[in-house]
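> Quick one: structure below, then a few questions.
No value in this document is a laboratory result; all are computed from the given coordinates. Note that the structure is predicted; figures quoted are calculated from it, not measured. All Cβ positions, even for glycine, are placed from backbone atoms using ideal geometry, and neighbour counts span all protein chains on display.
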């Protein structure tokens with residue numbers, strides 16, 4: 001079967017990734033790792049696939065339409081997110097108009113996993129099906145059989161009624177999945193200010209055992225049970241990626257949490273394996289602040305770990321408890337100190353707008369962040385994505401200010417802060433995000449450390465670009 005995969009564009013600057021919170025100030029496009037793995041599964045079975053990452057390359061609707069006419073696919077797989085769903089449905093309509101009603105349109109991703117009926121009813125005859133949750137083998141079985149009536153993990157319209165087939169069990173043998181079909185992309189199309197570019201993401205396991213109420217992927221897509229790949233399989237992929245892209249500067253381990261406490265032994269084996277195989281490449285990872293072992297952090301550093309991206313979220317114990325974060329300010333501070341001793345940079349992620357948030361708790365978080373030995377920060381307005389506990393709580397409490405998915409983004413295609421508490425408005429949270437950023441980055445001690453402590457030429461370049469972006473943001477928000 002000929003299948004076209006689309007990650008549609010949604011305007012300049014918009015990032016189609018569920019990890020991107022409103023007002024994050026981070027302008028980056030994430031690699032389509034899950035999509036490319038699904039493509040690899042299909043190609044392994046002999047199907048002909050093509051991929052258009054419009055979100056990363058800013059491919060227009062007309063350009064995508066030309067690809068449709070040239071490629072003539074039998075099916076089109078469209079990646080979706082909640083903020084972009086109306087635009088994504090527009091692409092489904094365009095596919096039917098350009099390729100004919102005979103082309104089968106199927107949507108994947110977090111929005112149709114959480115709200116399949118919403119998408120199907122508004123998509124009408126332009127959308128044939130939604131593949132919920134983990135979709136690799138769902139798409140494989142569809143491509144092999146051409147039918148969906150008995151296909152696990154799909155929803156579809158039949159005679160005006162939405163049919164939800166039973167859920168598909170999660171893939172347990174992660175080593176059975178092929179490496180992502182990275183030959184469909186160019187890493188240079190993906191930029192992240194905190195990474196060494198060009199970089200590539202790598203998923204070493206799916207799911208997360210954290211209980212955070214707001215995190216989308218564990219609750220909607222891949223579950224709250226971590227399903228790891230073997231260390232040998234991970235190491236094989238790193239070597240494959242380096243051979244495929246000789247100019248690669250960095251690997252980003254993009255698991256929801258690469259450093260889960262229960263799997264520290266596996267983490268150590270991956271690090272030691274990189275040393276044993278003489279794999280020399282810088283890498284970063286998402287991490288929880290539960291590594292309290294300096295020797296493990298030093299092993300990570302020795303194996304090439306440059307930076308960890310950590311969801312600290314808040315410096316207020318009550319807020320952390322409300323989010324079910326499972327950590328404490330003391331543990332987070334000790335983790336940051338240990339990383340500093342090990343020589344690993346820390347990018348701290350903090351959120352504003354959690355249940356119980358007040359002006360005082362926001363100030364407490366800003367002071368906590370400024371007092372931590374970390375290198376960069378990101379303050380974000382917490383976004384209630386459908387399918388999460390946080391979304392259900394906000395909706396039941398009538399705290400979501402938007403009434404349609406279109407209202408999640410502004411006229412520039414940037415995501416809005418959409419939570420409006422009686423005691424803390426959207427506007428107040430936006431201003432608090434800016435103040436928190438300034439309180440961290442405008443400290444004289446921090447400015448001096450960035451000027452006199454660069455670790456490499458890449459760091460100097462990244463810091464210069466970061467300074468430009470920060471000054472530009474200050475100008476836009478009329479701080480200067």
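> Starting with the fewest neighbours, write out 449, 9 ranked by other beta-carbon atoms found within 10 Å of each beta-carbon.
Values: 449 13, 9 24.
Neighbour counts put them in this order, fewest first: 449, 9.
> Starting from 0.36 nm per residue, how many nanometres of slack lie between residue 97 and residue 293 once their C-alpha separation is accounted for? Intermediate values should be presented prior to the final figure.
On the way: separation 196, 0.36 × 196 = 70.56 nm, distance 5.79 nm.
Computed gain between residue 97 and residue 293 is 64.8 nm.
> Let me ask something else about it. If you take the beta carbon distance between residue 359 and residue 43 as r and set R0 to 45 Å, what does 1/(1 + (r/R0)^6) give as a FRET efficiency, to the nearest 0.05?
Numbers: r = 53 Å, r/R0 = 1.18.
The value I calculate is 0.25.
> OK, next. Calculated from DSSP H runs of 4 or more alone, at -39500 (n - 2.57) each and per residue, what is the 222 nm mean residue ellipticity of the chain, nearest 500? Please list the in-between numbers first.
On the way: 17 runs with 186 residues, N = 480.
Rounded to the nearest 500, it is -11500 deg cm²/dmol.
> How many Å³ per residue does the convex hull of the Cα positions in the chain occupy?
On the way: hull volume 67.1 nm³, N = 480.
About 140 Å³ per residue, rounded to a whole number.
> Still on this structure: What is the gain in length, in nm to one decimal, between residue 159 and residue 171 on full extension, counting 0.36 nm per residue of separation less the C-alpha to C-alpha distance? List each step's numbers first, then the result.
On the way: separation 12, 0.36 × 12 = 4.32 nm, distance 3.20 nm.
Once the chain is fully extended between residue 159 and residue 171, it gains 1.1 nm.
> Rounded to the nearest Å, what's the spacing between the alpha carbon centres of the stretch 275-306 and the stretch 381-398? Just the number, please.
What the calculation gives is 35 Å, centre to centre.
> For the residues 339, 349, what sequence is obtained by ranking on other C-beta atoms within 10 Å, fewest first? Numbers along the way, then the final one.
Working: 339 26, 349 20.
Going from least to most buried by this count: 349, 339.
> Mind sorting 404, 213 by how few other Cβ atoms lie within 10 Å of their own Cβ, fewest first? Don't skip to the end; give the middle numbers.
Working: 404 8, 213 19.
Neighbour counts put them in this order, fewest first: 404, 213.
> Considering only DSSP beta bridges where both residues belong to the chain, give the percentage that are antiparallel (nearest 5).
Percent antiparallel among DSSP bridges in the chain is about 20.
> Let me ask another. Ranked from highest to lowest mean number of other Cβ atoms within 10 Å per residue, what is the order of the peptides 415-427, 147-159, 296-308?
Working: 415-427: 17.4, 147-159: 15.8, 296-308: 20.7.
Packing proxy ranking, top to bottom: 296-308, 415-427, 147-159.
> Spin-label point model (7 Å from Cα, Cβ direction): what's the residue 262 to residue 302 distance in nm?
Calculated label separation equals 2.8 nm.
> At what distance in angstrom do the alpha carbon centres of the stretch 224-256 and the stretch 183-220 lie from each other?
One Cα centre to the other: 11 Å.
> For residue 152 and residue 431, compute 0.36 nm times the residue count separating them, minus their Cα-Cα distance, and round to one decimal in nm. Don't skip to the answer; put the middle values down first.
Values: separation 279, 0.36 × 279 = 100.44 nm, distance 4.59 nm.
Answer, rounded to one decimal: 95.9 nm.
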